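Novice: Pasting in a structure now, in structure tokens, and then I'll have a few things to ask.
The values are calculated or read from the model by the stated rules, or taken from the named source; none is laboratory data. As the structure is a computational prediction, the values presented were derived from the model and not from experiment. A quick note on method: Cβ atoms are made from the backbone with ideal geometry, for glycine too, and the neighbour counts reach across all protein chains shown.
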Amino acid sequence: MGLGLLASRTLKTSRVLSSQYSRFRPIVTKPGLQSPDASAAAPATQPEPTPPPPKKPVGGARVHFTNPDDALEVFVDGFPVKIPKGMTVLQACEIAGVDIPRFCYHSRLSIAGNCRMCLVEVEKSPKPVASCAMPALPGMKIKTDTPLAKKAREGVMEFLLMNHPLDCPICDQGGECDLQDQSMAFGSDRGRFTEMKRSVVDKNLGPLVKTVMTRCIQCTRCVRFATEVAGVQDLGMLGRGSGEEIGTYVEKLMTSELSGNVIDICPVGALTSKPFAFKARNWELKGTETIDVTDAVGSNIRIDSRGPEVMRILPRLNEDINEEWISDKTRFCYDGLKRQRLNDPMIRDANGRFKAVSWRDALAVVAEVTLQVKPEEIVGIAGKLSDAESMMALKDLLNNMGSNNVWCEGTGTSPNADLRYRYLMNSSIAGLEKADVFLLVGTQPRVEAAMVNARIRKTVRASNAKVAYIGPPTEFNYDCQHLGTGPQTLIEIAEGRHSFCSAISNAKNPAIIVGAGLFERDDKDAIFAAVEAIAKNGNVIRPDWNGFNVLLLNAAQAAALDLGLVPESSNSIESTKFLYLMGADDVNLDKVPADAFVVYQGHHGDQSVYRANVILPSAAFSEKEGTYENTEGCSQQTLPAVPTVGDARDDWKIIRALSEVAGIRLPYDTLGAIRSRMRTVAPNLLNRDEIEPAAFGPSLSPDCSQKISSTPFKAAVENFYMTDSITRASKIMAQCSAMLLKK
Amino acid sequence: MSVLRINGGQVGWTRGETWVDSGFAKAQSKTKLRPNKWAQSMGDEQITLLHIDGPDNNPDLPWEFSEANKAKVKGILPHYPSNYKQSAVIPLLDLAQQQHGGWLPVSAMNAVAKVVGVAPIRVYEVATFYSMFNRSKVGKYHLLVCGTTPCMICGSREIEGALLKHLGVERNVADYTNGSEGYTYNYYVGFCREDVTTQRVVEIVEMLRKGEKPPVGTQNPKRIMSGPEGGNTTLLSDPKPPPCRDLDAC
């Protein structure tokens, strides 16, 4: 915020004034304030001093003129600025580089105009104007720095602080509080309110959001967020006047997968993070800009850490992926990083108990086993949280051993890695906003990728897009037509026998989203062929629009398929003698032969550890640098926020070390070297923050002779809050599953 | 149910309701300082903005508009554009309140939400905003004494004291056991009985007990409607036209 400059200016002037009047009145005013006409007229007669150079737009705001004829010119503090029609005065000021203080206004929510903090002076308007709610008109002369505007802000601030408790020292928002900052910048140094402050009962919104409702300033951002973005109409503004409260009226928890975002949008400390309560101050924390791996969206996050501990996770702005929201799983899974961690290499002894050993011993044991087994008996499975570098190393290691049975969990037994469009979200996440009809096939984006669901909801709200769904009965937070539960419905649509066909063919930009849960089905090729038939009939794939989408489930999936982690034979796991699990916890290990040697390399003592013979501790996503490709094919990078736990090492380093002990040394020693190796396989993984679109369309898809089965689709994610080893170790996620999921 | 609004100087009928009000500021500060305790001990939902489940007020109780009222609902809804059906929420809440003995259980609000097609919280917002909607059970007569500044100057505190003494109840405590009067404070909202005195308020209550209807408006027999005592002192003739306006020149 550019409030610092204004703050110093405001503070300077008020100091001069208070010395003049302080003996008599606490709140001071200049004679010019009493007659705004006089002050407005005064500069006209004076000779204009040379104006300062124009300011840059606030926060790099850009103006996009859809229609050049709609441009209009307004004057902000004397500078002309061109803006498109329909912008508000506040937005015009932002373009002109003037930051207007605000509480209730939020660019992603509807306009409420109830905090009155954004008052500015507009020439020829008798009163100060709430700039967030006033449309800018041609030739408007907006003044943001006049005595009238300053007095208005000071007055509003005094009213807001009237009933606001003076508990900043014990408030978790302290240090990052809009009210605190703006009262420093625009408020007075004292108030005139001498009565008792009101107090409000705290509400119980569940295990994630802590409420201290006395601090609430009734900006209604949370109400609008819950109604508009999260799609749970539970919060409301109850009562009237000084008794006004935010509440649910009936006792109700906030059962949204995006509820954590109300913590960010609350401008005061009324809604704060429950798990983070009283843990740290924001100025003690080190922020690391990284990527979330709990789903395939790759939300941009900032990990705030203090020393070796992750304290909290906050969203970062990325308009193309997560806008400025993140899901509750992303935000609150961090306590799982502290629990059940593997910190030493361990070997299972004859009694079946694990014994901590040195890296040298552990690697020697593993290397010896690899030399004894036949190449076709070696199997490697990468976990859903693996980064591209370590998957590259794993594949190279196993290939050097002579085996090609390496895959990533969740991609099924025979994934089709040759056709990239078959596993990517081809219209991109931001591109979904252009769609006007959605067909969800075997996917419930609300639990599989909450940010994608938020995007669909945004589209439905903005353009009344139609959504239809094929899959098990479930709840959506937008209007959704449930067409059926299984492939039968899909075939009906593909053959043009279903009533929904006309909706697709009449749509301008139809989007089909196929869930990655279908990868596990035996008839997946037939299902994809049916979806492609629908796409062909409905003209879903065109040069200007590609609405054929696959919504992946895991952070590692896209990169794994790009790198070609495809098993040679589909039932190799049944005859394996040496199984290398790189963080793979959701693989069914029942069929692994009893005499097979299982190595588990990972960061959490999760499900697969029970079967492992050797444990090699590795770093979690918060502790390493790694490349992840999200469901739309955009590769992004994590950065280490905290040091690794105990004796753990990065995944690729462990594999590199093992290769040397086993006598098949991999030719890379640095992250740079392994990335140049990746460049030869999948160069798109190195183009950071860029979407690499699929090169070919369904015209190349092979003919399918498979028969579609009639088994209905299954839900891919049973429990939104616990999907991987980190979230399963998290206490907060366990609380959420217990309290928020309907049994 | 009736609500009677009694004012420092003024008391009045609305749709057979008796309101008596007074001492608002005091009650308000008391309420706000310990809302939770207040809510539980007083059981008064009018003040708190949180619904507490009770045997006669919980979302599981079935509630529906009566057949006669369903016809009225059909008459009310077309007054509003079909894409703004939620505009009908106030008349429908009023209808529901009349049907349910003068107060709105949470299931009635849910039923209204269903009719207008919005989330229940949007209806709760409206019902909590307007003090005329009672969200907890009220007596047959709902007495409200106004406590705003003009009424307080006219003696609303004394009137309230006399009323409480006569009824033998406490402020904000509805006494359903022996009689039919419930009593809560309120703001002055408009249509009141005016010129009430400490004697007159007792007379009004006694009239209600006998089943009579106390006269509407001013209780001072010397006043007619809102006019001053003893007849008009101003505006005795027709107003003069503006002197500067020459109609012929227009």
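Novice: Out of (1) within 13 Å of another protein chain (Cβ to nearest Cβ); (2) touching a residue at least 60 places away in the same chain (Cβ under 8 Å), what's the single condition that is false for A:Pro207?
Specialist: All conditions are met except number (1).
Novice: Name, by its number, the condition in (1) modelled with pLDDT under 95; (2) within 14 Å of chain A (Cβ to nearest Cβ) that does not hold for B:Asn110.
Specialist: (1)
Novice: If you don't mind, another one. Does A:Asp178 count as over 18 Å from A:Arg102 (Cβ atoms) and away from chain B (no Cβ under 14 Å)?
Specialist: Judged against the criteria, A:Asp178 is not a match.
Novice: Of the residues A:Glu319, A:Glu368, which is surrounded by fewer than 24 Cβ atoms within 10 Å (Cβ to Cβ) and within 30 Å of A:Val452 (Cα to Cα)?
Specialist: Just one listed residue meets the conditions, A:Glu319.
Novice: Looking only at region B:49-62, count every residue that is away from every other protein chain (no Cβ under 14 Å) and either of a type in the set (Ser, Thr, Tyr) or touching a residue at least 40 places away in the same chain (Cβ under 8 Å) (or both) and tell me the total.
Specialist: 2
Novice: Does A:Met254 satisfy the condition of being at pLDDT below 95 and touching a strand residue (DSSP E or B) at 6+ places or on another chain (Cβ under 9 Å)?
Specialist: yes
Novice: Can I ask one more? Only one residue in A:Ser273, A:Ser299, A:Ser305 is modelled with pLDDT of 95 or more and within 27 Å of A:Gly247 (Cβ to Cβ), so which one is that?
Specialist: Answer to the selection: A:Ser273.
Novice: Please tell me if A:Val310 is touching a residue at least 60 places away in the same chain (Cβ under 8 Å), part of a strand (DSSP E or B) and in contact with an Asp or Glu (Cβ under 9 Å, 6 or more places away or on another chain).
Specialist: Yes, satisfied.
Novice: What about B:Tyr130, is it surrounded by 24 or more Cβ atoms within 10 Å (Cβ to Cβ), under 30 Å from B:Thr197 (Cβ atoms) and in contact (Cβ under 8 Å) with a residue 40 or more places away in the chain? Spell out the reasoning first.
Specialist: On the way: surrounded by 24 or more Cβ atoms within 10 Å (Cβ to Cβ): no; under 30 Å from B:Thr197 (Cβ atoms): yes; in contact (Cβ under 8 Å) with a residue 40 or more places away in the chain: yes.
So B:Tyr130 fails the test.
This table checks each residue for (1) more than 14 Å from chain A (Cβ to nearest Cβ); (2) farther than 28 Å from B:Val202 by Cβ; (3) more than 23 Å from the chain's Cα centre (by Cα).
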position: B:Glu64; (1), (2), (3): yes, yes, yes
position: B:Ile76; (1), (2), (3): yes, yes, no
position: B:Ala88; (1), (2), (3): yes, yes, no
position: B:Leu95; (1), (2), (3): yes, yes, no
position: B:Val106; (1), (2), (3): no, yes, no
position: B:Ser131; (1), (2), (3): no, no, no
position: B:Arg135; (1), (2), (3): no, yes, no
position: B:Cys146; (1), (2), (3): yes, no, no
position: B:Glu160; (1), (2), (3): yes, no, no
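Novice: Does A:Lys197 qualify as being buried (at least 19 other Cβ atoms within 10 Å of the Cβ) and either at pLDDT below 95 or under 31 Å from the mean Cα position of the chain (by Cα) (or both)?
Specialist: For A:Lys197, the condition - buried (at least 19 other Cβ atoms within 10 Å of the Cβ) and either at pLDDT below 95 or under 31 Å from the mean Cα position of the chain (by Cα) (or both) - is not met.
Novice: Look through A:Glu284, A:Glu289, A:Glu245 and report the one residue that is free of Cβ contacts under 8 Å to residues at least 60 places away in the same chain, touching a strand residue (DSSP E or B) at 6+ places or on another chain (Cβ under 8 Å) and away from chain B (no Cβ under 14 Å).
Specialist: A:Glu284
Novice: How many residues does region A:215-242 hold that are in a helix (DSSP H, G or I), surrounded by fewer than 19 Cβ atoms within 10 Å (Cβ to Cβ) and within 11 Å of chain B (Cβ to nearest Cβ)?
Specialist: The qualifying residues number 2.
Novice: Next question, about the same structure. With respect to A:Phe500, is the statement that it is within 28 Å of A:Pro702 (Cα to Cα) and among the aromatic types (Phe, Trp, Tyr) true?
Specialist: For A:Phe500, the condition - within 28 Å of A:Pro702 (Cα to Cα) and among the aromatic types (Phe, Trp, Tyr) - is met.
Novice: Quick check on A:Asn114: is it surrounded by fewer than 23 Cβ atoms within 10 Å (Cβ to Cβ) and more than 22 Å from A:Gly187 (Cα to Cα)? It would help to see each step written out before you state the result.
Specialist: Values: surrounded by fewer than 23 Cβ atoms within 10 Å (Cβ to Cβ): yes; more than 22 Å from A:Gly187 (Cα to Cα): no.
Judged against the criteria, A:Asn114 is not a match.
Novice: Additional query: Suppose the filter is within 12 Å of another protein chain (Cβ to nearest Cβ) and touching a residue at least 24 places away in the same chain (Cβ under 8 Å); does A:Val200 pass it?
Specialist: Considered against the rule, which asks whether it is within 12 Å of another protein chain (Cβ to nearest Cβ) and touching a residue at least 24 places away in the same chain (Cβ under 8 Å), A:Val200 comes out as yes.
Novice: Report, by residue number, each residue of region A:248-264 that is among the charged types (D, E, K, R) and within 13 Å of chain B (Cβ to nearest Cβ).
Specialist: Those that are among the charged types (D, E, K, R) and within 13 Å of chain B (Cβ to nearest Cβ): A:Glu251, A:Lys252.
Novice: Right, another one. Could you go through region A:659-679 and let me know if any residue there is part of a loop (DSSP other than H, G, I, E, B), farther than 30 Å from A:Ile347 by Cα and polar (S, T, N, Q).
Specialist: No; the residues of region A:659-679 include none that is part of a loop (DSSP other than H, G, I, E, B), farther than 30 Å from A:Ile347 by Cα and polar (S, T, N, Q).
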